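Quick note: the coordinates plus some simple rules give every number you see, no bench work behind them. All values derive from a computational prediction rather than experimental measurement. Virtual Cβ from ideal backbone geometry, glycine too; neighbours counted across all protein chains shown.
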Amino acid sequence: MAEAAAPVVGILVGSASDLPVMEQATAILERFEIPHELLVISAHRNPDSVDEYSRTAEERGLRVLICGAGMAAHLAGAVAARTILPVIGVPIGTKYVGGADALYSTVQMPRGVPVATVAIDGAVNAAVRAAQVLAATDEDVRKRLRVFKESLAEGLKL
Ligand code: RP5
């Protein structure tokens, strides 16, 4: 049996309660046939694991990281502080303050440490953005993005 390809996109979520949103990102990556992994790992509850994951992500072959968290959403920023890989942040909307807490926590990064932040609950766009990053050096992903774009014009429901 052929071995599964090593993941090039890492999806991190701050809590299992974020999974219903963040699994939309895995669905898009599967559509683009991009090998990925998904971990529940919290900047606040598992800080040492976040540290280890972020510092070793590049040498393990990961090329883009997507981080989704809600409320005091520090996951994407904590990861971005520890890697040169591009980090895409997904602020998760919770029942409090309409998700503005997570949006501001994710997007308001200091100079030199960017987190490319999508809309509240924007896991689909995070995955599309990750595919666009990989497409810079992967013609197959470029082709799939073109097909995806055409299917949007034809009314694809996401
Ligand atoms: C954040 O707090 C998580 O990302 C989640 O969105 C929110 C609530 O987490 P739980 O208390 O449901 O685990 O850290």
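Which of Tyr104, Tyr53, Tyr96 moves the most in a Gaussian network model of the chain with Cα springs under 10 Å?
Among Tyr104, Tyr53, Tyr96, the largest GNM mean-square fluctuation belongs to Tyr96.
On a full-extension model of 0.36 nm per residue, what is the gain between Leu158 and Asp48, subtracting their alpha-carbon distance, rounded to one decimal in nm? Mind dumping the intermediate values first?
Details: separation 110, 0.36 × 110 = 39.60 nm, distance 3.52 nm.
In short, 36.1 nm is gained.
So for each of 75-87, 19-31 I average, over its residues, the number of other beta carbons within 10 Å; can you give me the resulting order with the highest mean first? Spell out each step's value before the answer.
Working: 75-87: 21.5, 19-31: 18.2.
My ranking of the peptides, most packed first, is 75-87, 19-31.
Enter the Cα centre distance for the pair the range 55-88 and the range 129-146, rounded to the nearest angstrom.
That distance is 20 Å.
Given the -39500 (n - 2.57) contribution per DSSP H run of 4+ residues, what per-residue ellipticity at 222 nm results for the chain, rounded to the nearest 500 deg cm²/dmol?
Details: 6 runs with 65 residues, N = 158.
Theoretical 222 nm ellipticity from helices: -12500 deg cm²/dmol.
Fully extended, how many nm does the chain gain between Ala72 and Glu150 (0.36 nm per residue separation, minus their Cα-Cα distance)?
24.4 nm
Treating each Cα of the range 97-158 as an identical point scatterer and ignoring solvent, apply the Debye formula and state log10 I(q)/I(0) at q = 0.13, 0.18 Å⁻¹.
One equal scatterer on each Cα of the range 97-158 leads to -0.49, -0.79.
I want the antiparallel fraction of DSSP beta bridges within the range 35-158, as a percent rounded to 5. Please report the intermediate quantities before stating the final value.
Numbers: 0 of 8 bridges.
Among the beta bridges of the range 35-158, antiparallel pairing accounts for roughly 0 percent.
What lysines sit close enough to Lys157 to cross-link, taking a C-alpha to C-alpha distance under 25 Å and skipping anything fewer than 8 places away on the same chain?
Answer for Lys157, where 25 Å is the Cα cut-off: Lys143, Lys149, listed by chain and number.
What residues from the range 68-84 fall in the zone where the backbone N is under 13 Å from a label point 7 Å along the Cα-to-C-beta line of Arg55?
Backbone N within reach: 82-83.
Which whole number of Å³ per residue matches the convex hull of the alpha-carbon atoms in the range 70-132? Can you show the working numbers first?
On the way: hull volume 4.2 nm³, N = 63.
That works out to 67 Å³ per residue.
What net charge do the residues around Ala131 carry, taking every other residue with its C-beta under 12 Å from that of Ala131, with Lys and Arg at +1 and Asp and Glu at -1?
On the way: positive: Arg31, Arg63, Arg129, Arg142, Lys143, Arg144, Arg146, Lys149; negative: Glu30, Glu33, Asp138, Asp140.
Residues near Ala131 contribute +4 overall.
Using the eigenvalues of the Cα gyration tensor, what equivalent ellipsoid semi-axes result for the chain when each is taken as the square root of five times the eigenvalue, whole Å, largest first? Show your work: numbers first, answer last.
Numbers: eigenvalues 115, 74, 40 Å².
Those come to 24, 19, 14 Å.
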